[in-house]
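Quick notes on the structure that follows.
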Amino acid sequence: MYLIANQSRTDGKMLLRKAGYTGGVYREQYEKKTQGIFPVIEFVLYWGIPRWRSSCNTRRLFRGRKLVDEAWKYIDELQLHVFEMRHLPKETQALFHSDMRIVVDYLAEGNQYRSEKKIFHKAALIRMIKVLSGEMDTENIEAWMEEQGIREEDEITVCELFDQYVRQGRSEGENRFAKLVKQLIDGGRSEDLRRAVSDQSYREQLYAETGLA
């Protein structure tokens, strides 16, 4: 049996969670709740940006306990297998196919990623990339595709789809900024306008304040 855990953040006690998951399956085998006995393989897909530095084996997890060498002979060795999806070696990236290859390539190259690969599941791909980029608003994907006249069965490349989506985002951003500028001018807030032009974080504060967030 394969168990796959998805992590967006590092977890220093993930090794203990693994012991619980795999132990639960082995317990079911012992209690004859499964057909026969079989090994359990678990690995972690880590999608976060910082590198995974958390404990991946028993010795590292318990290194602060200062156990004598004799004790280690009786402690079961556990190993956590973590795949850092944003830092996969090129040869590992090449093993992926279909839309998942686009995802791992995007994670490795970021917003500069461009490709002529054909996309199979367009809405799902855009939704996943938005979430991995830190955007939680994924409700309007299908509506946007309908506005653009894009159907799931159409043939379209990464470049074509991304460029359309980026252009739409840029257009919405420009329209929102134009509305903010008008509100600030009408309110005589010249200092706020000056800061909004050069300071993106302050601009986001003003968007929230004026109801344009």
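Which value, in Å² and to the nearest 10, is the accessible area of Glu191 when all protein chains are kept and the probe is 1.4 Å?
100 Å²
Report the residue, chosen from Leu61, Leu95, Leu184, that carries the largest GNM mean-square fluctuation when the chain is represented by alpha-carbon nodes joined by springs under 10 Å.
Judging by the Gaussian network model, the answer is Leu184.
Pull up the cross-link candidates among the lysines for Lys32, meaning alpha carbon to alpha carbon under 29 Å and not fewer than 8 places away within one chain.
Partners within reach: Lys18.
Quick check: with the 1.4 Å probe, what order do Ile49, Ile4 take by accessible area, largest first?
Numbers: Ile49 120, Ile4 100 Å².
Largest to smallest exposure gives the sequence Ile49, Ile4.
Just to verify a number: FRET efficiency for Arg127 and Lys73, C-beta to C-beta distance, R0 = 45 Å, to 0.05? Present the calculation step by step, with values, prior to reporting the outcome.
On the way: r = 50 Å, r/R0 = 1.10.
E between Arg127 and Lys73, to the nearest 0.05, is 0.35.
Full-extension gain between Met100 and Gln29, please, as 0.36 nm times their residue separation minus the C-alpha to C-alpha distance.
On the way: separation 71, 0.36 × 71 = 25.56 nm, distance 3.32 nm.
Gain on stretching Met100 to Gln29: 22.2 nm.
Can you order the peptides 99-105, 142-148, 51-57 by their average number of other Cβ atoms within 10 Å per residue, highest first? It would help to have the intermediate numbers written out before the result.
Working: 99-105: 18.0, 142-148: 13.0, 51-57: 15.3.
Result, highest mean first: 99-105, 51-57, 142-148.
In the stretch 23-80, which GluC sites (Glu not before Pro) are in a loop and have at most 10 other Cβ atoms within 10 Å, using DSSP for the loop call? Can you show the working numbers first?
Numbers: sites: Glu28, Glu31, Glu42, Glu70, Glu77; in loops: Glu31, Glu77.
Qualifying residues, ordered by number: Glu31, Glu77.
Averaged per residue, what accessible surface does the chain expose to a 1.4 Å probe, in Å²?
67 Å²
Counting only protein heavy atoms and a 1.4 Å probe, tell me what percentage of the chain's accessible area is made up of carbon and sulfur. Don't jump to the answer; show the numbers that get you there.
On the way: 7440 of 14270 Å².
Looking at the chain in its full context, I get 52 percent from C and S.
7 Å from Cα along Cα→Cβ at both Tyr202 and Gln93: what's the point-to-point distance in nm?
So the label points at Tyr202 and Gln93 sit 3.8 nm apart.
Dipole of the chain (Lys/Arg Cβ +1, Asp/Glu Cβ -1, origin at the Cα centre): which of Gln29, Val131, Leu95 lies farthest to the positive side?
The listed residue farthest towards the positive side: Gln29.
The values are calculated or read from the model by the stated rules, or taken from the named source; none is laboratory data. In this text, all values refer to a predicted model and were calculated from it rather than measured experimentally. Because the Cβ atoms are built from the backbone with ideal geometry, glycine has one as well, and the counts that use them run over all protein chains shown. What goes into the accessible areas is simple: the full protein's heavy atoms, side chains included, and nothing from ligands, DNA or RNA. Shrake-Rupley method; radii C 1.70, N 1.55, O 1.52, S 1.80 Å.
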